[in-house]
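In what follows, a single structure is set out as structure tokens and then discussed.
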Amino acid sequence: MLYLLPHTILNAAERSPEKVAFCCLKEARTYAEMTKQMNQLSNLLIELGVKKGDRIGIFLNRSIETAAAIYGTMNAGAAYVPIDPNLSIERVQFLIRDCGIKYLVTNQAQSRKLQKVVAAGTNLTHIIGLDKDWEIPTISWEEVSQFPSNSPKVNILADDLAYIMYTSGSTGIPKGIMHTHYSGLSYAKLSSGLYGLNSGDIFGNHAPLFFDISTFGYFSVPLKAATTIIATDAHVKMPASLSKLIEEEQISIWYSVPLALIQMLQRGVLEERNWEQLRWILYGGEPFPAKHLRALMKRLPQTRISNVYGPAEVNQCTYYHLPDLPQEEESIPLGQVWNNTEMLILDEKDRAVKQGEMGELLIRSATRMKAYWNNSTLTERSFYRRKTEQGVDDIFYRTGDLVNIDEQGRLQFFGRKDRQIKSRGYRVELDDVENALLEHQMVNEAAVFSKKDEDEVNIICAVVTLKENQDLEEKQLLDYCKNKLNWYAVPQQLSIVVDLARTPTGKIDRKQLAIEN
Amino acid sequence: MKDKIIQYIQAEILQDGDDPITSDEDLLTSGLLDSMAAMRLIGFLEETFEVKIPPEDMVIEHFMTVDAMESYLAQKQTS
């Protein structure tokens, strides 16, 4: 039986119950233990009144509890909604409200932050994973383990909602990407097949739960009854510890944003590490600067390296296995569309571009999201419907990414149709940052743009003018941004100036600003 | 030394005086310090205690808690 995401755990537990499914620091869970803990959490949620289709917030750092939290939720027929614990209180409140979350799963390490969220006001009715009761009833993980471990009776189908991942929206309002068991499992099947994942593999998971890259470690790995090593938040901050983890855990497949690999190259003392078990490195989220990729490939001649591409709305849609050392300055192709996926490249009037010309990439795939949460206008705008004779439309997702097909038949990436950029792998809408700055009562004008630092990494820059007779320091404005924006969208460079560079027609000249700053 | 470090984290990184951290509190795994904050903290330690912290020393064991930082720095200063 394999049509729901929790079936991956159940099947693996039947085949190899004693095999380690997830491991984080010194804590490991076998597939048998995962099955038990998942069922216990599901039974608890159902007893608390959780119904099919309800959304459960997962407020967790990189930790062992993440695995049971998401599977216990999906196995109860509910959808998990990962919440980044580093978000500002306002943003956390927004997600809980927007998604109608009443139940939250967490751990003791998050209690400090969570206390502030609760104090600020939410509609939460229960929190799972805390030792002490607050004004809201809590259930500890210890108490969860007292619940029955039989499979709950819930009628869930492949087409039902499994999880919602939030990403930034251009209007400043985050949008919730809704995935079903079918789209999630389709991703697990395609990705595990493409990279030859097998039960002997040990996967290194770097991505936090709220980042779609995490679905490889949490879905694809259980599908093949392999093992996921969850790198902690501490490892992510200390590249020398992260590189040691790869050696000590004998990680065979790694998948992360380029930045994690660049940091290990620069500060991970790789010359002292033995990574001979590492057979494949996948990277995604943003382009890998060729000079760093070159250094990585030189350091690891025996490891295959692949570029993964796909907006979270379709999980993944193309792959490119790097054949040899890229030349300096060369951009790495997105490669080929993978199985069970069709692409179109269209111009601004939705007409197919000529061979080799640039246009927007559209994707039709089994891995496509169902919709954006509670936003049918946005959903419809992001879809392209192709009429068929049968009268049922083929639905494509508009990626907003500009591509062409080069002479070797590979997809090449040219940038965005809009002003979205990637910062440390995260999607940032520059207009969203600009709007946030403009909402400050002392700010008159704001221009936000991105530029590459000396390491060719995207950084977000803001230049601001103030209203007359206002006195505001740059640090104060940055603190304001930290409350208003996702942490990865806060400008890394901000200056308050008297006037901005302008085009001859008087508009703010962001291109010129990027050169000047 | 401990007090100086705690004071810095409290004032400059968490910007929260009402909710004190303890010297044995895990600052890294919990996500209390983000990557930027961790780098800033290392810069502060190098400057304040006049030590050079090489990449191979930037590991979890040395920076997990304020206690760990203190014993690492003490060993660093005497060597």
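One line per residue, one yes/no per condition, for (1) farther than 19 Å from A:Gly356 by Cβ; (2) assigned to a loop (DSSP other than H, G, I, E, B):
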| position | (1), (2) |
| --- | --- |
| A:Asn374 | yes, yes |
| A:Thr379 | yes, no |
| A:Arg385 | yes, no |
| A:Val392 | yes, yes |
| A:Ile395 | yes, no |
| A:Gly400 | yes, no |
| A:Asn404 | no, no |
| A:Gln412 | no, no |
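When the test is whether a residue is under 23 Å from A:Leu10 (Cα atoms), touching a helix residue (DSSP H, G or I) at 6+ places or on another chain (Cβ under 9 Å) and surrounded by fewer than 22 Cβ atoms within 10 Å (Cβ to Cβ), A:Gln146 passes it. Condition test on A:Asp133, is it surrounded by fewer than 22 Cβ atoms within 10 Å (Cβ to Cβ) and within 27 Å of B:Leu27 (Cβ to Cβ)? Yes: the conditions hold for A:Asp133. The residues of region A:476-498 that are out of contact with any Asp or Glu (no Cβ under 9 Å at 6 or more places or on another chain) and away from chain B (no Cβ under 14 Å), listed by number, are A:Leu477, A:Val497, A:Val498. Count of region B:28-79 residues, restricted to those that are at pLDDT below 90, among the aliphatic types (A, V, I, L, M) and surrounded by 16 or more Cβ atoms within 10 Å (Cβ to Cβ), is 4.
Annotation: A:Val50 fulfils all but one of (1) of a type in the set (Val, Ile, Thr); (2) surrounded by fewer than 24 Cβ atoms within 10 Å (Cβ to Cβ); (3) out of contact with any Ser or Thr (no Cβ under 7 Å at 6 or more places or on another chain); (4) not in a loop (DSSP other than H, G, I, E, B); the unmet one is (4). Every listed requirement among (1) farther than 15 Å from A:Lys237 by Cβ; (2) away from chain A (no Cβ under 11 Å); (3) of a type outside the set (D, E, K, R); (4) surrounded by 14 or more Cβ atoms within 10 Å (Cβ to Cβ) is met by B:Leu14 save one, (2). Among the residues of region B:32-51, those that are in a loop (DSSP other than H, G, I, E, B) and more than 14 Å from every other protein chain (Cβ to nearest Cβ) comprise B:Phe49, B:Glu50, B:Val51. Is it fair to say A:Asp455 is surrounded by 21 or more Cβ atoms within 10 Å (Cβ to Cβ), within 30 Å of A:Asn404 (Cβ to Cβ) and either at pLDDT below 90 or among the polar types (S, T, N, Q) (or both)? Here the answer is no, as A:Asp455 does not meet what is asked.
Starting from residues that are part of a loop (DSSP other than H, G, I, E, B) and of a type in the set (A, V, I, L, M, F, W, C), keep the ones in region A:476-517 and report whichever is surrounded by the fewest Cβ atoms within 10 Å (Cβ to Cβ). So that I can check it myself, show each step before the final result.
Narrowing region A:476-517 to residues part of a loop (DSSP other than H, G, I, E, B): A:485-486, A:490-492, A:497-501, A:503-507, A:509, A:517.
The next check asks that each one be of a type in the set (A, V, I, L, M, F, W, C); those that pass are A:485, A:490, A:497-498, A:500-501.
Numbers: A:Leu485: 24, A:Val490: 23, A:Val497: 15, A:Val498: 6, A:Leu500: 19, A:Ala501: 17.
Top of the filtered list is A:Val498.
Okay, residues lined up against (1) closer than 17 Å to A:Ser382 by Cα; (2) free of Cβ contacts under 8 Å to residues at least 12 places away in the same chain; (3) β-branched (Val, Ile, Thr):
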residue	(1), (2), (3)
A:Gly284	no, no, no
A:Leu300	no, no, no
A:Tyr319	no, no, no
A:Glu330	no, no, no
A:Leu334	no, no, no
A:Met343	yes, no, no
A:Ala352	no, yes, no
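The set of residues in region A:468-517 being modelled with pLDDT under 90 and among the polar types (S, T, N, Q) consists of A:Asn469, A:Gln470, A:Asn483, A:Asn486, A:Thr503, A:Thr505, A:Gln512, A:Asn517. Return a yes/no flag: does region A:20-41 have any residue that is in contact (Cβ under 8 Å) with a residue 24 or more places away in the chain, under 24 Å from A:Trp134 (Cα atoms) and among the hydrophobic types (A, V, I, L, M, F, W, C). Yes - at least one qualifying residue is present in region A:20-41.
Residue by residue, here is whether (1) facing chain A (nearest Cβ under 10 Å); (2) assigned to a helix (DSSP H, G or I) holds:
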position	(1), (2)
B:Ile6	no, yes
B:Ile21	yes, no
B:Ile53	no, no
B:Ser71	no, yes
B:Lys76	no, yes
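Every condition in (1) part of a loop (DSSP other than H, G, I, E, B); (2) in contact (Cβ under 8 Å) with a residue 40 or more places away in the chain is met by A:Lys153 except one, and the failing one is (2).
Name the single residue that is nearest to the other protein chains (Cβ to nearest Cβ) among those in region A:90-110 being without any contact (Cβ under 8 Å) to a residue 60 or more places away in the chain and of a type in the set (A, V, I, L, M).
Residues of region A:90-110 without any contact (Cβ under 8 Å) to a residue 60 or more places away in the chain: A:92-93, A:96-97, A:100-104, A:106-110.
Of the ones still in play, those that are also of a type in the set (A, V, I, L, M) are A:92, A:96, A:101, A:104, A:109.
Working: A:Val92: 13, A:Ile96: 18, A:Ile101: 20, A:Leu104: 16, A:Ala109: 4 Å.
Among residues in region A:90-110 that are without any contact (Cβ under 8 Å) to a residue 60 or more places away in the chain and of a type in the set (A, V, I, L, M), the one nearest to the other protein chains (Cβ to nearest Cβ) is A:Ala109.
Please enumerate the residues belonging to region B:55-67 that are more than 9 Å from every other protein chain (Cβ to nearest Cβ) and either touching a residue at least 60 places away in the same chain (Cβ under 8 Å) or in contact with a Phe, Trp or Tyr (Cβ under 9 Å, 6 or more places away or on another chain) (or both). Quick ask: steps written out before the conclusion?
Within region B:55-67, the subset more than 9 Å from every other protein chain (Cβ to nearest Cβ) is B:65-67.
The answer is B:Val66, B:Asp67.
Selection of region A:267-278 for residues being free of Cβ contacts under 8 Å to residues at least 60 places away in the same chain and either in contact with a His (Cβ under 6 Å, 6 or more places away or on another chain) or not small (Gly, Ala, Ser) (or both) yields A:Arg267, A:Val269, A:Leu270, A:Glu271, A:Glu272, A:Arg273, A:Asn274, A:Trp275, A:Glu276, A:Leu278. Would you check if there is a residue in region B:23-30 being outside any helix (DSSP H, G or I) and under 22 Å from A:Val269 (Cα atoms)? Checked region B:23-30: at least one residue is outside any helix (DSSP H, G or I) and under 22 Å from A:Val269 (Cα atoms). Every residue in region A:111-126 that is in contact with a Ser or Thr (Cβ under 9 Å, 6 or more places away or on another chain) and in contact (Cβ under 8 Å) with a residue 24 or more places away in the chain, please. Hits for region A:111-126 are A:Lys113, A:Leu114, A:His126. I want to confirm something. Restricting to region A:351-394 and keeping residues that are surrounded by fewer than 14 Cβ atoms within 10 Å (Cβ to Cβ) and aliphatic (A, V, I, L, M), which single residue is farthest from A:Ala158 (Cα to Cα)? Once the filter is applied, the top-ranked residue is A:Ala352.
For every residue, the table says whether it meets (1) of a type in the set (Ser, Thr, Tyr); (2) in contact with a helix residue (DSSP H, G or I) (Cβ under 8 Å, 6 or more places away or on another chain); (3) without any contact (Cβ under 8 Å) to a residue 24 or more places away in the chain.
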{"site": "A:Leu378", "(1), (2), (3)": "no, no, no"}
{"site": "A:Ser382", "(1), (2), (3)": "yes, yes, no"}
{"site": "A:Thr388", "(1), (2), (3)": "yes, no, yes"}
{"site": "A:Ile395", "(1), (2), (3)": "no, no, no"}
{"site": "A:Thr399", "(1), (2), (3)": "yes, yes, no"}
{"site": "A:Gln412", "(1), (2), (3)": "no, no, no"}
{"site": "A:Arg416", "(1), (2), (3)": "no, no, yes"}
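The number of residues in region A:157-167 being touching a helix residue (DSSP H, G or I) at 6+ places or on another chain (Cβ under 7 Å) and either surrounded by fewer than 22 Cβ atoms within 10 Å (Cβ to Cβ) or among the acidic types (Asp, Glu) (or both) comes to 4. Counting only strands (runs of 3 or more DSSP E) that sit wholly inside region A:210-292, those with at least 2 residues that are hydroxyl-bearing (Ser, Thr, Tyr) and more than 11 Å from chain B (Cβ to nearest Cβ) are A:227-230, A:253-256.
The values are calculated or read from the model by the stated rules, or taken from the named source; none is laboratory data. Computed from a predicted structure; not experimentally measured. Every residue, glycine as well, gets a Cβ built from its backbone with ideal geometry; the counts of neighbours run over all protein chains shown.
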